[in-house]
1. Right, Gln93: of a type outside the set (Gly, Ala, Ser), outside the structural domain of Trp440 (by TED's automatic domain parsing) and assigned to a helix (DSSP H, G or I) or not?
2. Condition first: out of contact with any Lys or Arg (no Cβ under 8 Å at 6 or more places or on another chain) and not in a loop (DSSP other than H, G, I, E, B). Now tell me which residues in the stretch 332-341 satisfy that.
3. Does any residue in the stretch 253-279 that is farther than 20 Å from Ile505 by Cβ come within less than 6 Å, Cβ to Cβ, of a residue that is crowded, with 19+ Cβ neighbours inside 10 Å and among the aromatic types (Phe, Trp, Tyr) six or more places away or on a different chain, and which pairs are these?
4. Do you know which residues across the stretch 138-194 are within 14 Å of Ile247 (Cβ to Cβ), in contact (Cβ under 8 Å) with a residue 24 or more places away in the chain and touching a helix residue (DSSP H, G or I) at 6+ places or on another chain (Cβ under 7 Å)?
5. What about Gly232, is it in contact (Cβ under 8 Å) with a residue 60 or more places away in the chain, touching a Gly at 6+ places or on another chain (Cβ under 8 Å), among the small types (Gly, Ala, Ser) and on the phi > 0 side of the Ramachandran plot?
6. Picking from Val169, Val156, Val258, which residue would you name as being outside any loop (DSSP other than H, G, I, E, B) and under 30 Å from Ala310 (Cα atoms)?
7. Out of curiosity, is Phe170 assigned by TED's automatic domain parsing to the domain that holds Asn420, in contact with a Leu (Cβ under 6 Å, 6 or more places away or on another chain), farther than 25 Å from Met511 by Cβ and hydrophobic (A, V, I, L, M, F, W, C)?
Amino acid sequence: METLVTENGSNSGLVASGLVACGLVACGLVACGLVACGLVACGLVACGSALARADFKARNCSEVREACAGKGFSFTHVPIQEIPGEHLRVCAQGSTCCTQEMEDKFGQQSKQDFENLMDEMSHELRSTFVSRHKRFDEFFLELLENTERSLNEMFVRTYGKPYMQNSEVFENLFAELKRYYTGGNVNLEEMLNDFWSRLLERMFTLLNSQYVITEDYLECISKYTDQLKPFGDVPRKLKAQVTRAFIAARTFVQGLSVGREVAQRVSKVSSTPACIRALTKMLYCPFCQGMPAVKSCKNYCLNVVKGCLANQADLDPEWNLYIDAMLLVAQRLEGPFNIESVMEPIDVKISEAIMNMQDNSAQVSYRVFQGCGQPKPAGMTRSARGVPDVFHARFRPYSPEERPTTAAGTSLDRLRIVWNAMQHSVVDIKEKLKLSKKFWSNLPEAMCVEDRVTAGNASDEECWNGHTKGRYFPEVQKDGLTHQVNNPEVGVDITRPDTLIRQQIMALRVMTNKLKNAYNGNDIYFQDSSDEGSSSGSGSGCTDVCPTDMAGAATEAPVVEADRSGPADDSAPLCAPLALPTILALSALALHRQWR
């Protein structure tokens with residue numbers, strides 16, 4: 001050191017030079033500058049040690065290492081002490097416990113954490129719609145199957161061979177009801193009108209087996225169905241009841257299906273890069289600053305999540321309207337549109353209509369002969385059976401032990417027990433639906449009360465504000481895409497709404513419209529529901545809102561066989577058959593006055 005003494009030879013000058021040299025380093029001079037001053041290597045080392053002691057508030061990263069290991073991270077290297085953070089792109093670039101690899105993996109984990117949290121928060125909602133849709137759908141299908149089985153067994157027993165020879169009329173009825181329920185393009189009222197027309201044709205042929213009834217003649221008969229009212233008032237009442245009940249049941253189950261699909265699709269979030277960046281900063285940048293145990297401030301969390309779920313929040317208004325409409329239709333399932341109360345006794349009601357036709361067969365035949373002409377006698381080639389020989393049986397109710405059973409051995413009495421349970425299910429689903437209102441706009445609040453996300457009830461000064469531990473000052477943004485224009489945490493392009501969310505909004509809008517119509521007993525048909533983003537069935541076949549009761553216009557007889565051909569018999573006499581007693585003339589006059 002003596003060789004470095006200045007001209008005055010003062011040791012103090014040496015010391016001063018050393019201090020100055022160290023001070024120069026502290027001011028940022030590079031090592032070569034010190035060498036230029038003539039300091040030897042040992043002087044540099046001594047100076048560096050002094051600086052380390054002066055500046056080394058660098059924190060130990062052991063707590064970060066433990067926290068990362070506890071979360072299952074596997075890093076190539078975790079610093080023992082803080083290092084310069086110039087390599088970081090999301091977290092602060094000062095002294096840090098994070099390498100570039102750590103920050104990248106934190107970003108990936110932030111995305112996964114958010115998706116998992118969204119999945120967890122929406123799990124109950126999704127499960128509700130999935131399980132209730134399955135439960136109601138299975139019940140309604142079982143109800144249809146049991147009703148058809150009940151009618152078939154009762155009619156075989158009651159009407160025997162005449163029924164079995166014409167059972168396809170009833171099979172077609174239930175096939176069409178099932179096709180409607182499962183989403184087919186079926187106009188319920190037209191289908192029911194066709195059923196009664198076909199039943200009239202078959203019964204008229206059976207009751208007048210002494211005549212040759214051609215296909216053209218049957219078409220003529222069908223034109224008089226509304227005037228004749230051969231089945232009494234049963235078709236009108238049953239049509240109104242079945243139509244309302246099936247519209248309500250099908251639309252309600254479709255509504256559950258749409259709710260299920262919307263919940264499942266929307267809960268699968270697709271996070272933007274800006275959202276992932278904000279989540280990483282909120283969830284894992286405290287690790288980089290050596291504070292892995294510090295959770296985010298609640299308001300800070302709210303701004304981040306509202307920015308990430310801006311589009312989901314826009315679903316809320318349409319979702320709430322949909323829930324309100326579902327609740328209205330649920331009321332119908334409990335009250336006058338109860339499908340079980342309509343379907344369970346349908347065999348009795350149809351049998352009543354058949355009995356009415358049988359009791360009035362003479363008058364009906366006389367009126368038909370007046371309007372369509374008298375058909376040719378069958379001669380000796382066909383049996384001239386009278387009315388009593390055809391539908392001689394009368395409806396005899398089953399005793400409880402004779403009630404038909406399902407394939408699983410469950411009687412219709414058991415099905416009524418199931419329906420009672422279903423009534424409780426209606427009450428249950430109504431409560432669940434009410435709880436799901438405002439679900440999407442409430443998500444940020446629900447997420448940001450989680451202890452694993454935010455500091456909870458900790459002091460405002462003890463939470464992570466995005467930069468350090470301390471109070472979060474920015475204002476919490478409102479819900480929805482347009483309100484995120486000034487979100488301080490997430491950059492949101494408010495001019496580009498999420499396409500998937502907009503499709504779900506449209507699906508809900510379409511379904512809400514159908515539910516409102518179903519509540520009023522009307523059905524609505526959408527030409528192509530996929531154009532509207534709806535996942536529901538294709539509707540009833542109406543191009544507009546169908547009235548509950550159709551006007552009493554003449555209905556063309558439906559085709560029963562594949563080919564209905566043959567010339568009309570213009571030579572048929574127009575007088576009443578000689579076999580009918582004279583009293584029919586008086587009955588016809590009375591009926592004529594009544595129809596007028």
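1. When the stated conditions are applied, Gln93 does not pass them.
2. Correct list: Leu333, Glu334, Ile339, Ser341.
3. Val253/Phe136; Leu279/Phe114
4. Phe140, Leu177, Tyr180, Tyr181, Val186, Leu188, Glu189, Leu192
5. In short, no.
6. Val258
7. no
Residue by residue, here is whether (1) outside any helix (DSSP H, G or I); (2) on the phi < 0 side of the Ramachandran plot; (3) surrounded by 22 or more Cβ atoms within 10 Å (Cβ to Cβ); (4) assigned by TED's automatic domain parsing to the domain that holds Glu334 holds:
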residue	(1), (2), (3), (4)
Asn185	yes, yes, no, yes
Glu190	no, yes, no, yes
Trp196	no, yes, yes, yes
Ile213	yes, yes, no, yes
Asp226	no, yes, no, yes
Leu238	no, yes, no, yes
Thr243	no, yes, yes, yes
Phe252	no, yes, yes, yes
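The values are calculated or read from the model by the stated rules, or taken from the named source; none is laboratory data. Given the structure is predicted, the values throughout are model-derived calculations rather than measurements. No Cβ is skipped: glycine too gets one built from the backbone with ideal geometry, and neighbour counts run over all protein chains shown.
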